Amino acid sequence: MATPHVSTESSSNVLETLRGKHVLITGTTGFLGKVVLEKLIRAVPDIGGIHLLIRGNKRHPDARSRFLNEVATSSVFERLRAEDNDGFEAFLEERVHCVTGEVTEARFGLADAEFRALAGRLDAVINSAASVNFREELDKALAINTLCLHNIADLAARNPDLAVIQVSTCYVNGMNSGQVTESVIKPAGEAIPRTAHGYYEISELVRLLQDKIAGVRSRYSGKTLEKKLVELGIREANRYGWSDTYTFTKWLGEQLLMKALAGRTLTIVRPSIIESALEEPVPGWIEGVKVADAIILAYAREKVTLFPGKRSGVIDVIPVDLVANAIVLALAEALSAPAGPRVYQCCSGSSNPISLGQFIDHLMAESKANYAAYDSLFYRQPTKPFVAVNRRLFDAIMGGVRLPLSLADRVFRLLGQSRELKMLRNLDTTRSLATIFGFYTAPDYIFRNDELLALSARMGAVDQALFPVDARRIDWSVYLRKIHLAGLNRYALKERKLYSLRSAKARKKQAA
């Protein structure tokens, strides 16, 4: 593997610390997990070994097969392959070790001897496995975002020196407002008992949630059961001060680990809204459609022009490579500093804020000037502006418009025209997106990352260059207009198949 460019006048604390170390990563089939893996392979060539916990599936029942076919083939590794394909393949063969297991099962589904042996081989674990579905069924969200952390703690119990890095989210802040520091978050809703150690005691709450889940299961089945479990998750999240099931269960997970690993090495890394790469492995790299992208895509396809939001509110977006770098810095510190709990927030709101209004204006300006450059995103130039209004006005407009449209649609159906009105369909898309993401576009909080910036400074100039985390590196106009939209167009969306009338005639003539 090619070695990173490190000044001969100084050395990297991160590279020195991670030399020869063995790290387990969960969640590498996901977006962030892939970027963390790529960064470690490319920038930390002397790492002892990277162990990946991967669940088998029908096509690839063992972890190694699934990794080689579904992860190693990702475009995230194109830079590594282009720079040194033989070195990359050798690294995968010699130092990437795949473990077939499931993070939600006791001992990851491994035999006790296997689990104990795995723990003994490791120096650290990075848990990035999660369900990021904001409206997940409560039982599923609890399993992956909260209860599976018992298994991470069990792994740590088998190895007293094991450092744990837990990837959480800034949005465990829930419905609290104001400045959000890198600390234990107090629930904004119904009270939950807090311990003298600072974390919250959630055992009784989890049992209560499980009883409610059992009650729903006893009364419903099939699709109705799924719907009721989603509704239960939202209702309970709202009760205790969160907008959705994802952030509620991630907060519960933080409390579980802080209790289970009291006195041990635990670092919680909280990213804000993770979007495409700023620089590495290539500018704009992204996988799938993320939080902000669902709204961007709906606007590009002319399905949404009105959305609930606070134009003056700071929307906290952070490129994925800065998050991966924060995780690597936290990993190096956890392996070299005294034991104890630490919290770092990887975000942009306090150091390089961008308001929702500025975010929208950048995207609208680019769509007006260069929509044709993003042919998988824009089918044509949007003709209407994207307007953010307060929630009460949005709900009034939606309710007032939907009733006559619904009546018109019903009349058309009675006349035998079953084609759904396009306006009604777009209205339902808008309402659905607003239900899921509306909380995130009306922020009244600012996430702070003073501790993360202090960590970066402690690591020194070489590591600040190798593993940058400072959001002040972002030029929002360039990032949103040129990097992010281009990345969405290239990596996240399927290429459109455009057939002109002329080409269709040519194919027909050729076939004849």
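None of the figures in this text is laboratory data; all of them are computed from the coordinates on show. None of the values given here were measured: they were computed from a predicted structure. Glycine gets a Cβ as well: all are built from the backbone with ideal geometry, and neighbour counts include every protein chain shown.
Things worth noting here:
- Computed from Cα atoms, the angle from the helix 291-300 axis to the main principal axis of the chain rounds to 30 degrees.
- Solvent-free Debye calculation, one equal scatterer per alpha-carbon of the chain: log10 I(q)/I(0) at 0.06, 0.08 Å⁻¹ equals -0.31, -0.54.
- Segment 285-369: C-alpha pair distances exceeding 22 Å, %: 43 percent
- Of the trypsin sites (Lys or Arg not before Pro) in segment 113-153, not one is in a loop by DSSP (not H, G, I, E or B) with at most 10 other beta carbons within 10 Å.
- If you bin all the Cα-Cα distances of segment 1-153 at 10 Å, starting from zero, the percentages per bin are 10, 38, 35, 14, 3, 0.
- DSSP bridge analysis restricted to segment 265-383 gives an antiparallel fraction near 10%, rounded to the nearest 5.
- Charging the Cβ of each Asp and Glu at -1 and of each Lys and Arg at +1, and nothing else, the dipole of the chain about its Cα centre rounds to 2780 debye.
- Look at the dipole of the chain built from charges on Cβ: of 50, 332, 370, the Cα furthest out on the positive end belongs to 370.
- The relative contact order of segment 154-262, computed from alpha carbon pairs under 8 Å that lie at least 6 residues apart in sequence, is 34 percent.
- Distance histogram for segment 343-397 (every C-alpha pair counted, 5 angstrom bins, percent rounded to whole numbers): 4, 14, 17, 15, 16, 16, 12, 4, 1
- Among 77, 191, 181 the positive-end extreme of the charge dipole of segment 70-224 (Cβ point charges): 191
- Using a cutoff of 8 angstrom between alpha carbon atoms and counting only pairs six or more residues apart, the relative contact order for the chain works out to 18 percent.
- In terms of overall dimensions, the C-alpha atoms belonging to segment 152-203 reach 39, 21, 15 Å along their principal axes, ordered largest to smallest.
- Per residue, the convex hull spanned by the Cα atoms of segment 234-312 amounts to 182 cubic angstrom.
- Looking at the chain alone, DSSP beta bridges between its own residues are antiparallel in about 5 percent of cases.
- Fully extending the segment from residue 89 to residue 11 would add 25.4 nm, taking 0.36 nm per residue of separation and subtracting the current Cα-Cα distance.
- Distance between the pseudo-spin-label points of residue 477 and residue 373 (7 Å out from Cα toward the beta carbon): 1.4 nm.
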